[in-house]
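Dropping a structure here in structure tokens format, bear with me for questions.
The values are calculated or read from the model by the stated rules, or taken from the named source; none is laboratory data. Treat the numbers as computed from the prediction; the structure is a model and nothing was measured. Cβ: placed from backbone, ideal geometry, glycine included. Neighbour counts: every protein chain shown. Note: accessible area is taken over every heavy atom of the protein model, side chains too, but ligands, DNA and RNA are not part of it. Shrake-Rupley method; radii C 1.70, N 1.55, O 1.52, S 1.80 Å.
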Amino acid sequence: MECPYCLHKDSKVTNKRRSPQGIRRRRECLKCKKRFTTYEKIEKNDLYVIKKDGRRERFDIEKLKRGIDRAFEKRPISQEQIQKMIIEIEEILRKKGKKEIKTSFIGDLVMKKLKKLDNVAYIRFASVYRDFENLNDFKKEIKNL
Ligand SMILES: [Zn+2]
């Protein structure tokens, strides 16, 4: 990895962790000793989601994240907790080793996680992502909390 300061070709990795942007590495240039950060996209097999109406769409973690962020709006949950949850969800989906996953499976998985973290976020997410057959289903769901 080329140093962005002196363009030296060698650097050492001082820290490595996963982030939604990929694998984040802190590097130190072996020549000028300056530090910089690189992101490496995790090699992923393409994952597709199958919607209720049968349409197939590329799985988009960012889209899922937006929905989850919205559910947590003004809730006392830190960005780190949300981030961690999203990484866990993605890992579970990828570990299934399937190329196609139904949106209903993803929705249920997210709701399970939300339920553990915050009831309000759970209800918000559920009301958007789950098609409650009727109001009674929704009431039943709230009662089950
Ligand atoms: Zn350098």
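Which of the residues spanning region 3-12 are open to solvent by 70 Å² or more (accessible area, probe 1.4 Å) and part of a strand (DSSP E or B)? Full working, then the answer.
Kept after step one, since they are open to solvent by 70 Å² or more (accessible area, probe 1.4 Å), are these residues of region 3-12: 4-5, 7, 9-10, 12.
Within region 3-12, just Lys12 meets the criteria.
Inside region 26-72, can you point out the residues that are among the acidic types (Asp, Glu) and within 16 Å of the ligand (Cβ to nearest atom)? Break it down into steps so the answer makes sense when it comes.
Kept after step one, since they are among the acidic types (Asp, Glu), are these residues of region 26-72: 28, 40, 43, 46, 53, 57, 60, 62, 69.
Within region 26-72, Glu28 is the sole residue that qualifies.
Moving to a separate point now. If Arg58 meets every condition in (1) in contact with a Leu (Cβ under 9 Å, 6 or more places away or on another chain); (2) surrounded by 10 or more Cβ atoms within 10 Å (Cβ to Cβ); (3) free of Cβ contacts under 8 Å to residues at least 40 places away in the same chain apart from one, which number is that one?
The failed condition is (2).
Search region 1-20 for residues that are β-branched (Val, Ile, Thr) and pair each with any residue that is open to solvent by 60 Å² or more (accessible area, probe 1.4 Å) when their beta-carbon atoms are under 9 Å apart and the residues are at least 6 apart or on different chains.
Val13/Met1; Val13/Arg26; Thr14/Arg26; Thr14/Arg35
Could you pull out every one of the strands (runs of 3 or more DSSP E) wholly within region 27-145 that has 1 or more residues that are modelled with pLDDT under 90 and closer than 30 Å to Cys6 by Cβ?
In region 27-145, 35-40 are the strands (runs of 3 or more DSSP E) which contain 1 or more residues that are modelled with pLDDT under 90 and closer than 30 Å to Cys6 by Cβ.
Which count do you get for residues in region 2-24 that are within 30 Å of Ile82 (Cβ to Cβ) and within 15 Å of the ligand (Cβ to nearest atom)?
Residues in region 2-24 being within 30 Å of Ile82 (Cβ to Cβ) and within 15 Å of the ligand (Cβ to nearest atom): 2 in total.
Residues that are in contact with a Gly (Cβ under 7 Å, 6 or more places away or on another chain), in contact (Cβ under 8 Å) with a residue 12 or more places away in the chain and within 25 Å of Phe105 (Cα to Cα): does region 47-54 have at least one?
No, the conditions are met nowhere in region 47-54.
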